[in-house]
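The values are calculated or read from the model by the stated rules, or taken from the named source; none is laboratory data. Keep in mind the model is a prediction, meaning the values are calculated, not measured. When we count neighbours, we look across all protein chains shown, and the Cβ atoms used for this are built from the backbone with ideal geometry, even at glycine. Just so you know, the surface numbers come from the protein's heavy atoms only, side chains and all, with ligands and any DNA or RNA stripped out. Shrake-Rupley method; radii C 1.70, N 1.55, O 1.52, S 1.80 Å.
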Amino acid sequence: MAFFQSGDKEIVVDDDTVEPYESPLAHQKSYDDFSAVQEPKARQGRVYRLQPAVKQYAWGIRGGDSRVARYGLETGALKTIDQSAPYAEIWLGTHPSGPSLLDDGTELSKVVKGGNLPWLLKVLSAGKALSIQAHPDKSLAEKLHKDKPDLYKDANHKPEMAIALTPFEAMCGFRRLSEIAVHLRKHPEFAACISTEAQLAVFTAGPRDSKAQKLALHKVFESFMACEPDVSSAQLKLLVQRLRREQRAQFRPSGAQHINPAAPVLSPGSAAKDDEVPESAWERKAARAILRLEEQFPGDVGAMAPLFLNYLLIAPGESFFMAANEPHAYVAGEILECMACSDNVVRAGLTPKMKDVDNLVDMLTYSMGGPDIEFGRLVHQGPGTRTLCYTPPVPEFEVLITTVETGATYDIAPCEVPSILICVEGIGHTQSAPGPDGVEPQRKHRYELCPGKSLYITAGTVALTLVNDMTTKGPLRVARARQNLSLAGRAEDSQ
């Protein structure tokens, strides 16, 4: 057995589960070595309660309305909730900028083989828009970390997957060039921020010439980001004033929130004509988004981003994946987010933080179209239970969400890799299930579950049973993050 001192307590761990601890900062290269977290199956395994790191960024939802605040309070990461303060993110993992803790304050990395998990699980509560950003691939991350270690804290890439817990709004990926062309025609203020050369490239790129389309998109974005601040600020002001006038004209003079039937929906900046083409829904959505973003970030030209980025609204349970080098900005709502273990963000707008525009312009792929919206793959369905698996195209992580209805139970089978479990809905508890040989385990892994409670489950842990008692109302729902076994062909439904 191995012993670690933590304050005035001892943590006892199995020798085949944990190696001597080294700082995560000494393991930048181990993110690529997934054997570092594929712990040999222990006969019993272990389960640890976790206390997450709570991040209070300015864009977070304020007070007890934030799921992050409520989860933080439930786990002891917060002693009280300040109703005037923003609560933005919960981190569950071993990243040194926000490591999770065990019950007695010991860092989770001390009971993870090699000190690192290759993924990081988060809960986000967004009250207003996050920055326009992208995450670097591995080669760029290594360069940025070497050149600017104070800004880019690690040398890892950061592909990420979002799973909506509430209706969630986001800007993801560039619009198709045909949509950007519509906006250039209809919004002269936007066109004034784009060079003539870039606009010409947009209108002359053939619909089947992907190379010319990407080059045109690159020119548009580069020109927009290089526009003189006094010009872009003045044009944003004019755009907002016009959109507000048009929005007011579409509603009844009495102020009732109903469309005025006498005011047809027309193209922005146009007078009514018999042959006028009505404005499409996606154009109206972009216009409303501009007004909303400008209210949140007055004078920030990033408020024009809906004119060139796709604007998405996804429902609870839906998800999307953002690869490295793709632009995005989350706008509002709450999500589970899982990613490679990194905190590298290259920003360009809608933020008071440092903007690294040159690197962002150079790093993007300039692919067009939004991400695919997925609902998870059904990997289990039983009496009162079901499990959905959300599998991204990267080896570091995947997320399973299990629902247990009132009175039902569900056995989480032993797994070859460690995982982190978090309860996102309902009340229940865990208990130890008999092992594969039918023998009752020595360790009675009973933990109460309610929203925010989280557990670290070592590789090879004897099966846990999720229990939703008859006394509770509504389903118990838990999410588990782990290494991507589906991609490797070793998941439960690929046996």
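Here are some notes:
- Against the criterion of solvent-accessible heavy-atom surface with a 1.4 angstrom probe, Cys450, Cys338 sort, most first, into Cys450, Cys338.
- Here the average projected area of the convex hull drawn through the C-alpha atoms of region 133-201 stands at 7.9 nm².
- Assigned charges on the beta-carbon of Lys, Arg, Asp, Glu; region 375-489 dipole about Cα centre (debye): 200
- Rg ratio (alpha-carbon, reference 2.2 N^0.38 Å) - region 82-165: 1.27
- What region 375-489 shows is 39 Å² of accessible area per residue, with the surface traced by a 1.4 Å probe over protein heavy atoms.
- A simple spin-label model places the labels of Thr406 and Ser97 4.3 nm from each other, with each point 7 Å out along Cα-to-Cβ.
- Accessible carbon and sulfur surface of region 138-248 relative to its total accessible area, %, 1.4 Å: 54
- Summarised as an ellipsoid, region 283-370 has semi-axes of 20, 19, 14 Å, derived from the eigenvalues of the Cα gyration tensor scaled by 5 and square-rooted, with the largest first.
- Overall Cα dimensions of region 375-489, principal axis frame, Å, largest first: 40, 33, 25
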